[in-house]
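Visitor: Below is one structure. I have some questions about it.
Throughout, read-outs are computed from the coordinates displayed, never taken from laboratory work. Just so it is clear, the model here is predicted, and its values are computed rather than measured. Methodologically, a virtual Cβ is constructed for each residue, glycine included, from the backbone with ideal geometry; neighbour enumeration extends over all protein chains shown.
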């Protein structure tokens, strides 16, 4: 009989760890918890929980339907709680959406022109490619959480002082 | 001993007593007996030596080899280790241990990466007995590490690190793990759901509309403390790994890296990179995110096999930017 129980977190059920300081500053570790962050976020608010010289990992609360986004580079979503459906459109004219210097997820004012590429339904543990040159939109019928690996962009929200241990 | 690249590894004949070879790399000598690995060097005209349990030494050397000397410092223990300069590598003994260094009894030499890699691989090959897997968790590693020389375990030590170009499962990219390709679900992750995401790609977009079960992928990892690469966004690499028992090395950072605890928990002991002086202890539970600053060394402890997303920035000149002070060792100020 398997005696192991794997523990994943969720919006409703998570425990946050912590830092024991010997001779250090807890702010150097920028310690947060994605479920705690998402519990305090608006739907689809892209809150940076990790940043590394222009690259970010964002914690995103899934709830209802998002707007459309596109990026000039690949991005990746990992569902950490709940279920999400992602619809993709191949952009007819990427230059109408972003420039060569653009980075991160670019929010679009409306559904862009292009060819439908398909859709993915993802649940906890699933990783979804958000490919370069495609627009995408999320739909979640209940609340959840996902991580997005991307670049620091116009939709990225930095509120480190509110989410990190001090 | 000569490798395929004609790099000369300095190795002795097998010991009549134990069957193990001894090795020389510059001013360092490596030997092992039934229980212990020993590294020797000269300092201030005297012979110095440092011993580790052979299993601990092999577990550490296995990671150093598999990771290609990794980012920065790989401390086998507080005394010996390596520092990667990406093309050359330092080997040191006591150089980051104040009692040795302040007495001038430490020793450091820089080697061509290919020579050090060939030497380390030869040591691993000779010193790893049949019945011991230095990559595995204690319950799976076997106890064949001790005693006299007894065969090899090349299948274990020659595992290739899995690194995707974009994302596993895409055409031409890294494979997903399954029973069929030799990756059964690990005993500690038997309860992890194996369901696949639903992917409905329109014709012509099969290579772009893609998803896979990352947690199922990780549940099938046959090694511990060995990151794979599962997504690439520019220079940003997601390197998830499964962790059980103790990280066999203390990793000294030459850049900021980040940890996202995907499941279960890990306790990290944080020390000053240059002195080993304790700085903090970081307890990470599922959903926690923490930076590992660029001026620390760290070692993880996981009582149950867990899933950890290590997030790296592979920008080439980062070590110089941190070393010169152009970048602060912590990632964000608030």
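Visitor: Bin by bin, in steps of 5 Å, what percent of the Cα pairs in the stretch B:77-127 do you find, going until the bin that has the longest distance?
Guide: 5, 21, 23, 21, 18, 10, 3, 0
Visitor: When chain B is treated as a GNM, springs tying every alpha-carbon pair under 10 Å, which of B:42, B:62, B:52 comes out with the largest mean-square fluctuation?
Guide: B:42
Visitor: To continue, here is another question. Using the alpha-carbon centroid of each, what span in Å lies between the stretch B:169-201 and the stretch B:293-316?
Guide: Spelled out, the Cα-based centre of one part sits 23 Å from the other.
Visitor: Let me ask something additional. Over the stretch A:26-163, how many percent of alpha carbon pairs lie in each 10 Å bin up to the one with the longest distance?
Guide: 13, 45, 33, 8, 1
Visitor: I'd like the FRET efficiency for residue B:8 and residue A:7, computed as 1/(1 + (r/R0)^6) with the beta carbon distance as r and R0 of 30 Å, rounded to 0.05.
Guide: After rounding, the FRET efficiency stands at 0.05.
Visitor: Which residue fluctuates most in the GNM of chain B (Cα springs below 10 Å): B:247, B:308, B:170?
Guide: Its mean-square fluctuation being the largest, the pick is B:170.
Visitor: Let me ask something additional. Given the options B:139, B:158, B:109, state which has the largest fluctuation in a GNM of chain B using a 10 Å cut-off (strictly under) for Cα springs.
Guide: Looking only at B:139, B:158, B:109, the biggest GNM fluctuation is shown by B:139.
Visitor: Could you work out the mean count of beta carbons from other protein chains within 10 Å of each residue's beta carbon in B:184-196?
Guide: 3
Visitor: Something else now. Tell me, what is a quarter of the convex hull surface for the C-alpha atoms of the stretch B:98-222, in nm² with one decimal?
Guide: 13.0
Visitor: Once you have a ≥ b ≥ c as the square roots of the Cα gyration tensor eigenvalues for the stretch B:1-82, tell me rounded if a/c is under 1.5, and otherwise prolate or oblate according to whether a/b is larger than b/c.
Guide: Note, shape of the stretch B:1-82 comes out rounded.
Visitor: Give, in nm to one decimal, the length gained when the segment between residue B:178 and residue B:139 is fully stretched (0.36 nm per residue of separation minus the Cα-Cα distance).
Guide: Going from the current span to full extension adds 11.9 nm.
Visitor: What is the average number of partner chain Cβ atoms found within 10 Å of a Cβ in B:254-266?
Guide: 4
Visitor: Using Cβ contacts closer than 10 Å as the measure, can you line up B:246, A:163 from fewest to most?
Guide: Ranking B:246, A:163 by Cβ neighbours within 10 Å, fewest first, gives B:246, A:163.
Visitor: Using the alpha carbon gyration tensor of chain B, what are the three equivalent-ellipsoid semi-axes (square root of 5 times each eigenvalue), largest first, in whole Å?
Guide: One finds semi-axes of 34, 25, 19 Å for chain B.
Visitor: For a quick check: sort A:73, B:251, A:141 by the number of other beta carbons within 10 angstrom, fewest at the front.
Guide: Taking fewest neighbouring Cβ atoms as first place, the list is A:141, A:73, B:251.
Visitor: Please arrange A:13, B:222 by how many other C-beta atoms lie within 10 Å of their C-beta, fewest to most.
Guide: A:13, B:222
Visitor: When the expected Rg is taken as 2.2 N^0.38 Å, what fraction or multiple of it is the alpha-carbon Rg of the protein assembly as shown?
Guide: Compared with the compact-globule rule of thumb, the protein assembly as shown sits at 1.02.
Visitor: Then there is this: Residue A:141 to residue B:113: FRET efficiency via 1/(1 + (r/R0)^6), r the Cβ-Cβ distance, R0 35 Å, to the nearest 0.05?
Guide: After rounding, the FRET efficiency stands at 0.10.
Visitor: Gain in length, residue A:25 to residue A:110, computed as 0.36 nm per residue apart minus the alpha-carbon separation, to one decimal in nm?
Guide: Gain on extension, residue A:25 to residue A:110, equals 26.2 nm.
Visitor: While we're on this one: For a Förster distance of 41 Å, can you work out the FRET efficiency between the beta-carbons of residue B:146 and residue B:44, rounded to the nearest 0.05?
Guide: 0.75
Visitor: Across peptide A:40-53, how many C-beta atoms of other chains are within 10 Å of each residue C-beta, on average?
Guide: 4
Visitor: When the expected Rg is taken as 2.2 N^0.38 Å, what fraction or multiple of it is the alpha-carbon Rg of the stretch B:10-157?
Guide: 1.01
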